[in-house]
Amino acid sequence: MRKLVVLGASLLALGLGWDASAQSTIKIGVLMPLTGNAASAGNSSKIAVELGAEIVNNAHPELAPLPLAATAGLPGLGGAKIELVIADHQGNPSVGQSQTLRLITQEQVIAITGSYHSSVTLTTSATAERYGIPFVNGESVAANLTERGFKTFFRVTPLASDFAKNYMDFMADLGKAGHPVKTLALVFENTEYGTSVADTVRTYAKERGLNLVSDIAYSANTTDVSSQVLQLKDKKPDAVIFISYTSDAILYVKTMKALDYLPPVMIADNAGFSDHSFITSSASLAQGLMNRSAWSIGKPGSVTYKVNEMFKAKTGRDLDDPSGRAMQGFLVLAEALNRAGSTKPDAILKALSETNLGPDQVMMGYKGVKFDAKGQNTLAATYLIQMSGNKYVAVWPEKSAEKPIEWPYKGWK
C-alpha cells in the first residue's frame with residue numbers, strides 16, 4: 001500500500017480534512033475537454049461519467065455484479081449520493097491546472113477523475129498531488145504519468161507499453177499468416193500522449209527487428225497534413241501506426257484519399273479514431289482500419305449490453321472505448337470511496353491502494369483492477385478491432401475475434 005504524505009496545513013486551511021460520512025451528497029470533480037479539438041470525445045466521456053454516477057446513485061440490480069449498481073448511493077457513507085462537478089480544460093494543460101485548483105479550493109471536491117489528454121493529466125494530477133487529493137484516471141496512457149512517485153494518482157487504463165507490445169504481436173501474427181510486416185512508419189501528435197506511445201513503439205519495434213522508415217511528429221491543431229502523407233507515400237511502409245486526436249484523425253484519412261495513399265496495414269492508437277464523430281464522418285474512408293480497444297458491447301442481456309443501451313438512450317449512439325474507460329475510472333473511484341467509508345483523503349487513498357476487482361466486476365475488457373505501488377492497474381488489458389462498414393468489430397487476438405481480419409487496408413476503395 002502506498003503511504004500518503006498529506007499537506008496537513010493546506011488541507012486544514014481549505015477545510016478538506018473533514019469526515020463527510022454523514023453528508024447527503026459528496027462532490028467529485030470531473031475534468032474533460034468540452035471545447036477544443038477533442039470536444040466531441042470529451043463530451044462523450046462526460047456523458048459516460050454522468051451515466052456512471054446515475055448507476056451509483058440509483059438502484060440498478062440488473063447491472064450486478066458491477067459494484068454499487070444494486071444499491072442506491074454509497075452504503076459505506078450512509079447512502080450518500082455523488083454530485084459531479086464538471087470542468088472544461090479545453091485540451092490546454094494550463095487551463096486544466098487552474099480548473100483543478102478551482103475544483104479543490106472553491107468547489108471542495110474530495111476526489112477528481114479525468115482528464116482525457118495525457119498532457120493535461122500531467123498538470124492536473126500534479127495539482128491534486130500538491131493538495132493531497134485523490135486523482136483517478138481512466139483514459140490517459142502516457143507512460144510517465146505513473147513514473148513521478150506520486151501518492152495520490154491512480155490509473156485504471158492500460159498504458160502505452162501495453163499497446164506497443166500488442167501492435168508488435170499483431171504484426172507478427174500477420175507475418176505468420178503470409179502478410180509480412182518488415183517496415184513501419186509512426187505518425188504521432190507531439191504532446192505527452194503521442195510522444196509517449198511513439199517512444200514505446202520505437203523500443204518494441206527495434207526489439208522485433210522492424211525497420212522504422214518514417215517517424216513523423218505533428219501538431220494536433222494542424223490544418224494541413226499533405227507533406228506528412230506524401231512522405232508516407234514515398235517511403236511505402238508495410239504498416240503505419242497513427243497516434244492522433246479527433247480533428248487530426250479525420251484530417252489524415254481525408255488527405256490520404258485526396259493523395260490516393262493506402263498503406264497495406266493502418267493501425268490507429270484509439271483516441272480520435274475511436275471518437276463517434278470520426279466514425280460518423282470518416283468510416284467510409286477507413287475501411288479495414290485497425291484500432292485498439294478494451295470495450296465490447298457484448299451479447300444481448302449482458303451487463304455491458306445493458307450499459308450500452310443506457311448510454312444509447314442518452315446519446316442515440318453506442319458507447320465507445322475512450323468514453324467507456326472514463327466511466328470505468330469513475331466507477332473504480334466510487335467503489336473505493338464506498339469502501340473507505342469516509343471522505344478524508346488518506347482513507348480514500350488507502351481504499352484505492354487496496355482495490356481488488358475481478359473481471360466480472362468491471363465493464364471494460366480488463367482482467368480486473370489492482371494497483372501497483374506506482375498507481376498503475378496491473379490487470380488492464382486491450383485487444384484490436386477493425387473498421388467494417390460503419391462500426392468496429394473485434395478481430396484480434398483470435399480468441400476475442402467476432403470475425404476474421406480483412407487484409408489489406410481498403411480505405412475508401
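The values are calculated or read from the model by the stated rules, or taken from the named source; none is laboratory data. The model shown is predicted, which means the values in this text are computed figures rather than measured ones. Counting neighbours? That spans all protein chains shown, and the Cβs are built from the backbone with ideal geometry, glycine included.
For the stretch 74-119, filtered to residues that are touching a Ser or Thr at 6+ places or on another chain (Cβ under 8 Å) and hydroxyl-bearing (Ser, Thr, Tyr), the residue that is farthest from ARG325 (Cα to Cα) is SER94. Within the stretch 265-276, residues that are in contact (Cβ under 8 Å) with a residue 60 or more places away in the chain have Cβ atoms under 6 Å from residues that are surrounded by fewer than 24 Cβ atoms within 10 Å (Cβ to Cβ) and part of a helix (DSSP H, G or I) in these pairs: ASP275/SER40, counting only partners at least 6 apart in sequence or on another chain.
Can you tell me which residue is surrounded by the most Cβ atoms within 10 Å (Cβ to Cβ) among those in the stretch 22-44 that are outside any helix (DSSP H, G or I) and small (Gly, Ala, Ser)?
Restricting attention to the stretch 22-44, the residues satisfying the condition of being outside any helix (DSSP H, G or I) are 22-38.
Then drop every residue that is not small (Gly, Ala, Ser), which leaves 22, 24, 29, 36, 38.
Values: ALA22: 8, SER24: 12, GLY29: 25, GLY36: 19, ALA38: 28.
Within the stretch 22-44, the match that is surrounded by the most Cβ atoms within 10 Å (Cβ to Cβ) is ALA38.
Suppose the filter is within 21 Å of the chain's Cα centre (by Cα), in the same structural domain as TYR167 (by TED's automatic domain parsing) and at pLDDT 95 or above; does MET327 pass it? Walk me through it before giving the result.
Values: within 21 Å of the chain's Cα centre (by Cα): yes; in the same structural domain as TYR167 (by TED's automatic domain parsing): no; at pLDDT 95 or above: yes.
Here the answer is no, as MET327 does not meet what is asked.
For the stretch 202-220, the candidate set comprises residues that are in contact with a Phe, Trp or Tyr (Cβ under 9 Å, 6 or more places away or on another chain) and not β-branched (Val, Ile, Thr); within that set, the residue that is nearest to PHE278 (Cα to Cα) is ALA220.
Just need a number here: residues in the stretch 250-276 that are in contact with a strand residue (DSSP E or B) (Cβ under 9 Å, 6 or more places away or on another chain) and part of a loop (DSSP other than H, G, I, E, B). Let's see the steps before the verdict.
Going through the stretch 250-276, the residues in contact with a strand residue (DSSP E or B) (Cβ under 9 Å, 6 or more places away or on another chain) turn out to be 252-253, 256-257, 261-274.
Within this subset, residues satisfying the condition of being part of a loop (DSSP other than H, G, I, E, B) are 261-264, 269-270.
Result for the stretch 250-276: 6.
Pairing each residue of the stretch 35-53 that is under 15 Å from ASP248 (Cα atoms) with any residue that is among the β-branched types (Val, Ile, Thr) and part of a helix (DSSP H, G or I), provided the two are 6+ apart or on different chains, yields C-beta distances under 6 Å for ALA38/THR246; SER40/THR246; ALA41/THR246.
Could you list, in sequence order, the residues of the stretch 207-221 that are over 26 Å from the mean Cα position of the chain (by Cα) and not in a loop (DSSP other than H, G, I, E, B)?
Within the stretch 207-221, the subset over 26 Å from the mean Cα position of the chain (by Cα) is 207-214.
Within the stretch 207-221, GLU207, ASN211, LEU212, VAL213, SER214 qualify.
When ALA198 is tested against (1) more than 18 Å from ASN166 (Cβ to Cβ); (2) modelled with pLDDT of 95 or more; (3) among the small types (Gly, Ala, Ser), exactly one condition is not met: (1).
Please pick out the residue among VAL141, VAL109, VAL136 that is in contact with a Phe, Trp or Tyr (Cβ under 9 Å, 6 or more places away or on another chain), touching a residue at least 24 places away in the same chain (Cβ under 8 Å), part of a loop (DSSP other than H, G, I, E, B) and in the same structural domain as SER44 (by TED's automatic domain parsing). Steps first, please.
Values: VAL109 fails: in contact with a Phe, Trp or Tyr (Cβ under 9 Å, 6 or more places away or on another chain); VAL136 fails: part of a loop (DSSP other than H, G, I, E, B).
Selected residue: VAL141, the only one of VAL141, VAL109, VAL136 that is in contact with a Phe, Trp or Tyr (Cβ under 9 Å, 6 or more places away or on another chain), touching a residue at least 24 places away in the same chain (Cβ under 8 Å), part of a loop (DSSP other than H, G, I, E, B) and in the same structural domain as SER44 (by TED's automatic domain parsing).
Criterion first (without any contact (Cβ under 8 Å) to a residue 60 or more places away in the chain, over 14 Å from the mean Cα position of the chain (by Cα) and in a helix (DSSP H, G or I)) does ALA334 satisfy it? Walk me through it before giving the result.
Details: without any contact (Cβ under 8 Å) to a residue 60 or more places away in the chain: no; over 14 Å from the mean Cα position of the chain (by Cα): yes; in a helix (DSSP H, G or I): yes.
Taking the combined requirement at face value, the residue does not satisfy it.
Within the stretch 297-319, one or more residues are crowded, with 20+ Cβ neighbours inside 10 Å, within 18 Å of the chain's Cα centre (by Cα) and closer than 30 Å to LYS413 by Cα. In the stretch 158-204, the residue that is farthest from ALA217 (Cα to Cα) out of those that are in contact (Cβ under 8 Å) with a residue 60 or more places away in the chain, hydroxyl-bearing (Ser, Thr, Tyr) and in a helix (DSSP H, G or I) is TYR167. State all residues of the stretch 363-398 that are out of contact with any helix residue (DSSP H, G or I) (no Cβ under 7 Å at 6 or more places or on another chain), small (Gly, Ala, Ser) and closer than 24 Å to ARG155 by Cα; if no residue qualifies, say none. Within the stretch 363-398, GLY365, ALA373, ALA381 qualify.
Of the residues screened, MET327 is not one that is assigned to a loop (DSSP other than H, G, I, E, B) and either crowded, with 18+ Cβ neighbours inside 10 Å or of a type in the set (A, V, I, L, M, F, W, C) (or both). Candidates in the stretch 222-275 are the residues that are over 26 Å from the mean Cα position of the chain (by Cα) and small (Gly, Ala, Ser); of these, the one that is farthest from VAL201 (Cα to Cα) is ALA258.
Considering only the stretch 383-398, I want to know if a residue exists there that is touching a Ser or Thr at 6+ places or on another chain (Cβ under 7 Å), in a loop (DSSP other than H, G, I, E, B) and either touching a residue at least 24 places away in the same chain (Cβ under 8 Å) or surrounded by fewer than 20 Cβ atoms within 10 Å (Cβ to Cβ) (or both). Within the stretch 383-398, not a single residue is touching a Ser or Thr at 6+ places or on another chain (Cβ under 7 Å), in a loop (DSSP other than H, G, I, E, B) and either touching a residue at least 24 places away in the same chain (Cβ under 8 Å) or surrounded by fewer than 20 Cβ atoms within 10 Å (Cβ to Cβ) (or both).
Taking (1) in contact (Cβ under 8 Å) with a residue 12 or more places away in the chain; (2) among the hydroxyl-bearing types (Ser, Thr, Tyr); (3) not in a loop (DSSP other than H, G, I, E, B) in turn, SER98 satisfies each apart from (1).
Surrounded by fewer than 18 Cβ atoms within 10 Å (Cβ to Cβ), in contact with a strand residue (DSSP E or B) (Cβ under 6 Å, 6 or more places away or on another chain) and either at pLDDT 95 or above or not assigned by TED's automatic domain parsing to the domain that holds ILE250 (or both): does that describe VAL85? Yes; evaluated as a whole, the condition is true for this residue.
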